[in-house]
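Working notes, structure below.
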Amino acid sequence: MINGLYLSAQGAHTQQIRLDVVSNNLANASSTGFKRDMTVFESHLPFDFVEGNPSDTPEKLANSWGGTTIAEIKTDYSQNPLQATEGTLDVAFAGPGFFKVATKAGKFLTRDGALTLQQDGTLETAGGAKVLSDEGGPITVNPSEGEIFIGAEGIVSQETEGDLEEVGRIALVEPRSYDTLKKVGDNLYANSGSERPVGPETSLKQGFLEASGVKPVNEMVNLIETSRAFEANLNMIKFQDEALGNLLSTVPRL
């Protein structure tokens with residue numbers, strides 16, 4: 001009976017984590033370049049099945065196995081659809097890669113290409129992170145001059161007195177291992193590993209934005225499914241608790 005309570009609580013905890021992941025996906029259904037997360041479940045065989053001795057029980061309840069847990073939370077980094085905006089400062093990745101940006105908290109990676117031009121001429125993301133060049137500094141243009149062009153390889157140029165003048169090249173990088181990336185909010189990723197320049201298969205498209213990788217209908221189905229599984233585990237906890245209480249009430253008191 002106690003083991004059943006433990007497994008039901010474990011199941012409720014697992015579904016709660018998945019519920020948080022699905023809810024975060026839905027909250028970012030319209031976030032530019034957002035990559036959806038997925039929960040990977042791990043099932044555990046019962047103790048007596050593995051050990052082959054049903055009369056031998058483990059010393060700790062946590063070692064009784066059985067049930068499911070969350071093995072990891074994976075991010076789907078596949079290419080999202082591109083949406084035409086015709087915005088001069090809207091740029092989208094076609095292929096793998098990230099912009100390298102800087103905030104007060106440090107340097108991060110992002111695929112959010114909805115750029116803005118500040119009064120001092122620096123290019124920033126919608127969240128206020130400065131877009132860095134391949135030399136490590138911010139990209140700065142003259143806000144009083146002509147139109148800005150962003151090429152497929154990240155070269156930023158500006159029309160000045162009828163001529164097209166190169167301002168700098170946006171740092172387009174890719175982590176050597178995507179396992180070293182961690183979401184830190186505001187569409188930013190912290191990278192604990194090394195990086196390399198993007199390959200020739202990657203290009204930027206000015207006048208486009210990468211849509212979110214979340215499909216709201218699918219996530220709503222996942223949300224309903226997870227909510228029901230969470231509720232089922234809670235009901236099992238309640239049922240087993242009541243059964244245990246009834247059992248204890250029938251035990252004669254010495």
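Screening Lys205 with (1) open to solvent by less than 90 Å² (accessible area, probe 1.4 Å); (2) modelled with pLDDT under 95; (3) not aliphatic (A, V, I, L, M) gives one miss only, at (2).
Among the candidates Ser43, Ser8, which residue alone is open to solvent by 40 Å² or more (accessible area, probe 1.4 Å) and either at pLDDT 95 or above or among the small types (Gly, Ala, Ser) (or both)?
Ser43
When Pro175 is tested against (1) out of contact with any Lys or Arg (no Cβ under 9 Å at 6 or more places or on another chain); (2) surrounded by 13 or more Cβ atoms within 10 Å (Cβ to Cβ); (3) not charged (D, E, K, R), just one condition goes unmet, and that condition is (1). List every residue pair whose Cβ atoms lie under 8 Å apart, where the two residues are 6 or more positions apart in sequence or sit on different chains, the first residue falls within the stretch 155-168 and is farther than 19 Å from Pro138 by Cα, and the second residue, located anywhere, is among the polar types (S, T, N, Q) and at pLDDT below 90. Listed by first residue and then by second, the contacts come to Thr160/Asn142. Within the stretch 28-40, being surrounded by 14 or more Cβ atoms within 10 Å (Cβ to Cβ) and β-branched (Val, Ile, Thr) holds for Thr32, Thr39. What are the pairs, 6+ residues apart or on separate chains, where a residue within the stretch 26-46 that is without any contact (Cβ under 8 Å) to a residue 24 or more places away in the chain has its Cβ under 8 Å from a residue that is not in a strand (DSSP E or B)? Note: pairs meeting the criteria are Leu45/Gly66; Pro46/Ser64; Pro46/Gly66. Here the condition is being over 17 Å from Lys183 (Cα atoms), β-branched (Val, Ile, Thr) and touching a strand residue (DSSP E or B) at 6+ places or on another chain (Cβ under 8 Å); of Thr122, Thr110, it holds for Thr122 alone.
Residue selection: Leu188 fails the criterion of being surrounded by fewer than 13 Cβ atoms within 10 Å (Cβ to Cβ), at negative phi, in contact (Cβ under 8 Å) with a residue 60 or more places away in the chain and of a type in the set (A, V, I, L, M, F, W, C). Looking for something open to solvent by 40 Å² or more (accessible area, probe 1.4 Å), hydrophobic (A, V, I, L, M, F, W, C) and either under 27 Å from Ala211 (Cβ atoms) or not in a loop (DSSP other than H, G, I, E, B) (or both) - is there at least one such residue anywhere in the stretch 128-144? Looking for residues that are open to solvent by 40 Å² or more (accessible area, probe 1.4 Å), hydrophobic (A, V, I, L, M, F, W, C) and either under 27 Å from Ala211 (Cβ atoms) or not in a loop (DSSP other than H, G, I, E, B) (or both), one finds none in the stretch 128-144, hence no. Listed by first and then second residue, the pairs with beta-carbon distance under 8 Å, at least 6 apart or on different chains, first residue in the stretch 59-84 and farther than 30 Å from Ser31 by Cα, second of a type in the set (Gly, Ala, Ser) and modelled with pLDDT of 75 or more, are Gly67/Gly11; Gly67/Ser43; Thr68/Gly11; Thr68/Ser43.
The values are calculated or read from the model by the stated rules, or taken from the named source; none is laboratory data. Predicted model, so just to flag it, every value in this text is computed and none were measured. Note that each Cβ is placed from the backbone with ideal geometry, even for glycine, and that neighbours are counted across all protein chains shown. Accessible surface areas use protein heavy atoms only, side chains included; no ligands, DNA or RNA. Shrake-Rupley method; radii C 1.70, N 1.55, O 1.52, S 1.80 Å.
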